[in-house]
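Throughout, read-outs are computed from the coordinates displayed, never taken from laboratory work. As the structure is a prediction and not an experimental result, all values here were calculated from the model. Positions of Cβ are generated from backbone atoms using ideal geometry, with glycine treated the same way; all protein chains shown enter the neighbour counts.
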Amino acid sequence: MNKVGSVEDAVSEIRDGMTIGIGGWGSRRKPMAVVRAILRSGRKDLTLVSYGGPDVGLLVAAGIARRVVTGFVSLDSIPLEPHFRRARSEGTIALTEYDEGMLYWGLLAAANRLPFLPIRAGLGSDVMRVNPALRTVRSPYPDDTELVAMPAIALDVAFIHLNRADPGGNGRYLGPDPYFDDLFCLAAKRRFLSCEQIETTDDLMSGGPPQTLLVNRSMVDGVLHTPNGAHFTSCVPDYERDEAFQREYAGTDWDTFRARYLDGGEADYQLAVKR
């Protein structure tokens, strides 16, 4: 089955108020071409679930996000994402902040269609104070251990970015880390994979070890061909993070940056960053 489609068609499935999952980690292998399309779409009141980086920053700065569910929002080499930090300081977005492992556990619960999963993380920390809705449960076995009941983090739509994919939705990462992109897909009702290159299934299967085939066609509803689509985050080994551009992003006021790079379409953006 050929699932190749356009970024615009994928983004058109988002409705105001939805919960959107974005794969990658910090400023690494983010589906930034999709994020830029979401920014242009004019959607609003979205809840973003992400191990956050500039994906969160762009959508927060554009006024599209209402809430962020995350374990952190960082640009990696720049510790704090500037637009997210400003929005939190000014109180313009809501935040659900979990331990990184708790976020993973919440996605895992949703992927397995469970209402929650027990976890030790969070006990004895301010995570419980800042998330008063969290509950604990006791083991039904003789140990009687108290554990956090981490609720499932169900997603309406998820977007991930990988190095290679075939038209049917099988996808491979070539870098050192899968992050949790597979769980974002499994936790969502609709799942879209953007990629650097689309290959035949035979070429994809022979392109690396089996464990790097992170997602399969049953986990993906659409394949989006977006060369350089993770820019300015990294997508190794295809390219590293564009540190000079990231510094420009972090150090430029939003209106100027948006006018310079984001007011046009994706082709305009890619042309602008190559100048």
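Can you name the residue in the range 59-81 that is in contact with a Phe, Trp or Tyr (Cβ under 6 Å, 6 or more places away or on another chain) and not in a helix (DSSP H, G or I) and, of all such residues, is nearest to Glu240 (Cα to Cα)?
Initially, the range 59-81 is screened for residues in contact with a Phe, Trp or Tyr (Cβ under 6 Å, 6 or more places away or on another chain), giving 60-61, 71, 73.
When the remaining residues are screened for being not in a helix (DSSP H, G or I), the result is 71, 73.
Details: Gly71: 23, Val73: 19 Å.
Result: Val73.
Only a single item in (1) in a loop (DSSP other than H, G, I, E, B); (2) under 24 Å from Asp221 (Cβ atoms); (3) free of Cβ contacts under 8 Å to residues at least 60 places away in the same chain is not met by Thr47, and it is number (1). As a summary of the residue check, Glu240 satisfies the conditions (1) without any contact (Cβ under 8 Å) to a residue 24 or more places away in the chain; (2) over 17 Å from Trp25 (Cβ atoms) except for the one numbered (2).
Do we find a residue being among the basic types (Lys, Arg) and closer than 30 Å to Tyr261 by Cα anywhere in the range 124-136? Spell out the reasoning first.
Taking the range 124-136 first, the residues among the basic types (Lys, Arg) are 129, 135.
Still in the running and closer than 30 Å to Tyr261 by Cα: none.
No: the range 124-136 contains no residue that is among the basic types (Lys, Arg) and closer than 30 Å to Tyr261 by Cα.
Checking the stated criteria, Thr92 turns out to be outside any helix (DSSP H, G or I), in contact with a Gly (Cβ under 9 Å, 6 or more places away or on another chain) and of a type outside the set (A, V, I, L, M, F, W, C).
For the range 120-211, which fully contained helices (runs of 4 or more DSSP H) count at least 3 residues that are in contact with a Leu (Cβ under 8 Å, 6 or more places away or on another chain)?
Numbers: elements: 126-130, 181-186, 201-205.
Output list reads 181-186.
Being in contact (Cβ under 8 Å) with a residue 60 or more places away in the chain, in contact with a Ser or Thr (Cβ under 9 Å, 6 or more places away or on another chain) and surrounded by 16 or more Cβ atoms within 10 Å (Cβ to Cβ): is that true of Ile64 here?
In short, no.
For the range 253-275, the tally of residues that are over 18 Å from Gly63 (Cβ atoms) and in contact (Cβ under 8 Å) with a residue 60 or more places away in the chain stands at 3. Can you say whether Ala250 is touching a residue at least 60 places away in the same chain (Cβ under 8 Å) and under 30 Å from Ala154 (Cβ atoms), as far as the supplied structure shows? In short, no.
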